[in-house]
Structures are given as C-alpha cells and as structure tokens.
Amino acid sequence: MDGGNRDFGTFVGESLPGSLDFFELLGGFVLSLVIGVIGYKRGALNGSGVVGAALIGTLIFGLGGWEWGILLIAFFVSSSALSFYRAREKQRLAEKFAKGHRRDLGQALANGGVAALLAVLSHFLSPFPGEGRGGLWFVACAGALAAVNADTWATELGVLSRTSPRLITTGRRVEVGASGGVTWLGTVASLGGALFIGLLGALVLRQGWAAGGILLLAATVGGLAGSVCDSILGAMVQGIYWCDTCQKETERRVHRCGTETRLLRGWRWLGNDAVNFTASAVGALTALGVGWLLLWGS
C-alpha cells in the first residue's frame, strides 16, 4: 500500500494551503453561473437556486479544482434529468414533498454545502499530516456527493416502483412518497447513484487501479450510508405534517391547497433540506473513514 499512498497523494490537496488563485475562483463562478442559468431555463432551478448553484460551484471549482467540479456537475445533471423522467406520473406525489423539482437556495446548500465546505477546508487546512493524505479531502467530497446523488436517484425512481414501499425502520407498508419508505427499485437506484459518482471520481483521479479502486469503494459505501441515513431520519425524526382539509400527510408546513398544516410527528426544525445536508455529511465521513482504513489501516 506504500506505492498507493504516494500515487494518491499526488492528486489533490498538495498545493500550499491558503494560496488563492483569483482566476480559478472567477472561472469557477462563471462556469457555475452558466450552468445555473441553463438549469433555470430548463426548469431545474428557480432564481434562488441559481444563486445557490453559483455559490456552491464557485467554491468547489475555485478551491477544489475541476476534478471536484465534475462530480458536482454529474450530480446536478443526472438528478435533474431524473426529476423530469416520467414527471407526469410523479405529479400526484407533489403534495407530499416539501418542494418541487425546481431546486431553490436551500436545496442547493443542502445538497452541495458539505462538498463546498470540504473544498474550503482542503484549500486552507492540512489536517492529514504525512505524505499523500491531502487526497482524502477528495474522497470525502466524492462520498458527500455520492450520498445526495444516491438519495435523489432512489427518490426519483423508487416512487415509480410497482410494489408498495415499506418503512425502513419497521417494515410497515406506507404510501408511495412517504418519508422513510423504501422499495427494491429505490434501493437499486440508490446503489446506482452512489456507484455513478464513485466511478466518475475514480476516472478523474487518474492515479492507477489501486487508488481508483479505493476511491470507488469509499464513495460508493459512503453514498449508500448517506442514503440509508436519509431514510432513517425521514422515518423517525423528520418533521411530517397533516393537512386537515385534504386529510393527507405532507412535508409542507402550508399544504398545496393553502391550508396551514399541523405537526404529525418528528421534529419541527428538521425539514427535508436539513435531512439531506446531514445525509451528505454522513456520506463524507463514511467515505473518509473507508479511505483512511484502506490507505493507512494496514
């Protein structure tokens, strides 16, 4: 594993911490803004979502590098495409979800905030002393984005399952779209979403089979862990509300019919965005742990 350590260390995080490149930041801002505007015109983002995309993209591209940015683009493009896949069939579930498929600032920060924070930390701090350990920041980023990608794929495809979802904590059958409900189709989609980011990360790593395999495994495991965490939080503590007018559960504090809902279960302060952010953090920490063990545990 010594050779693998050296190869992995030549990747990201080896420049002097704290040195800023204005042109990299500007390039990251311009590119992320262009992508955000395209997303707005295609109906994937609203106005505040463009602001969020520009902020997150600037930090990830400008401080992490293009390799980090590719993973962010892959998440955004693939998840946005799936949100429009068989969209008419999903319209009946809109009343359950807190927000629609047009992502806003809160969703942008929830999905990309952890990766952006890691980009900042990788640039200004050196918490992994010793040869090659700066590259673990990228592993953590891949895990964070794999988690939100896995969760999004699971949601967008799992709701199309022909079998009824079951609550992840008890196995009880629940309605389609219910927080914490899982299906086999959604589980396979979750694996695919995590694997997609892991494979892409291994490809842009360009440091040989050993380093690429480590990143692939770490990101995939981290993505699945984050997705499972999202489902557990959704089933146990996420704030779920009840509309007395429509007699239906929802994640919205004000239902689509205009009725102010009442808390049915969970914590009022823990909404879907907070759950996604937490799941992303779990994905990052899990990937970081797996990468650490595989690189330096033996």
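Could the peptides 61-71, 173-183 be put in order, highest first, of the mean number of other beta-carbon atoms found within 10 Å of their residues? Intermediate results must be reported in sequence, preceding the final value.
Working: 61-71: 22.3, 173-183: 19.8.
Descending packing order for the listed peptides: 61-71, 173-183.
How big is the charge dipole of the chain about its Cα centre, in debye rounded to the nearest 20, if each Lys and Arg gets +1 on its Cβ and each Asp and Glu gets -1 on its Cβ?
Approximately 1280 debye in magnitude.
By the scheme Lys and Arg +1, Asp and Glu -1, what is the net charge of all other residues having a beta-carbon under 15 Å from that of Trp184? Walk me through the numbers on the way to the answer.
On the way: positive: Arg162, Arg166, Arg173; negative: none.
Local charge sum for Trp184: +3.
List, in order, the whole-Hz ³J(HN,Hα) value for each residue of the range 266-279 obtained from phi through the Karplus relation with A = 6.51, B = -1.76, C = 1.60 and θ = phi - 60°; use x for Gly and Pro.
With coefficients 6.51, -1.76 and 1.60, one gets x, 9, 4, 6, 9, x, 5, 5, 5, 5, 5, 4, 5, 4 Hz.
Mind listing the long-range amide H neighbours of Gln238? Cut-off is under 5 Å, sequence gap 5 or more, other chains count too, H placed in the peptide plane at 1.01 Å from N.
Amide H to amide H, under 5 Å and 5 or more residues apart or across chains, Gln238 pairs with Trp267.
Mind listing the phi-derived Karplus ³J(HN,Hα) values for the range 109-120, rounded to whole Hz, using 6.51, -1.76 and 1.60 with θ = phi - 60°, and x for any glycine or proline?
Result, ordered by residue: 5, 5, 7, x, x, 5, 4, 5, 4, 5, 4, 5 Hz.
Pop a pseudo-label 7 angstrom from the Cα along the beta-carbon direction at both Arg262 and Trp209 and give the gap in nm to one decimal.
In this crude spin-label approximation the distance works out to 6.3 nm.
Give me the net charge of Asn276's neighbourhood, meaning all other residues with Cβ under 9 Å from the Cβ of Asn276; Lys, Arg count +1, Asp, Glu -1.
Taking every Cβ under 9 Å from that of Asn276, the sum is -3.
Only Cα pairs within less than 10 Å get springs; with that Gaussian network setup on the chain, which residue of Leu233, Leu217, Leu185 has the largest fluctuation?
Evaluated over the chain, the most mobile residue of the options is Leu185.
Using only Cα atoms and rounding to the nearest 10 degrees, what angle (0 to 90) does helix 47-59 make with the longest principal axis of the chain?
Its long axis makes an angle of about 20 degrees.
Got a sec? Charge dipole of the range 2-296, +1 on Cβ for Lys and Arg, -1 for Asp and Glu; which of Val37, Gly65, Ala54 is way out at the positive end?
So the residue furthest toward the plus end is Val37.
Looking at the range 2-296 only, what percent of DSSP beta bridges run antiparallel? Nearest 5 please.
85 percent
Measure nothing but the geometry: give the 0 to 90° angle between the long axis through the Cα atoms of 208-236 and the longest principal axis through the Cα atoms of the chain, rounded to 10°.
For helix 208-236, the angle is close to 30 degrees.
Any read-out appearing in this document is the output of simple, stated calculations on the displayed coordinates, not a laboratory observation. What you see is a predicted model; the values in this text were computed from it and never measured. So basically every Cβ, Gly included, is an ideal-geometry build from the backbone, and we count neighbours across all protein chains shown.
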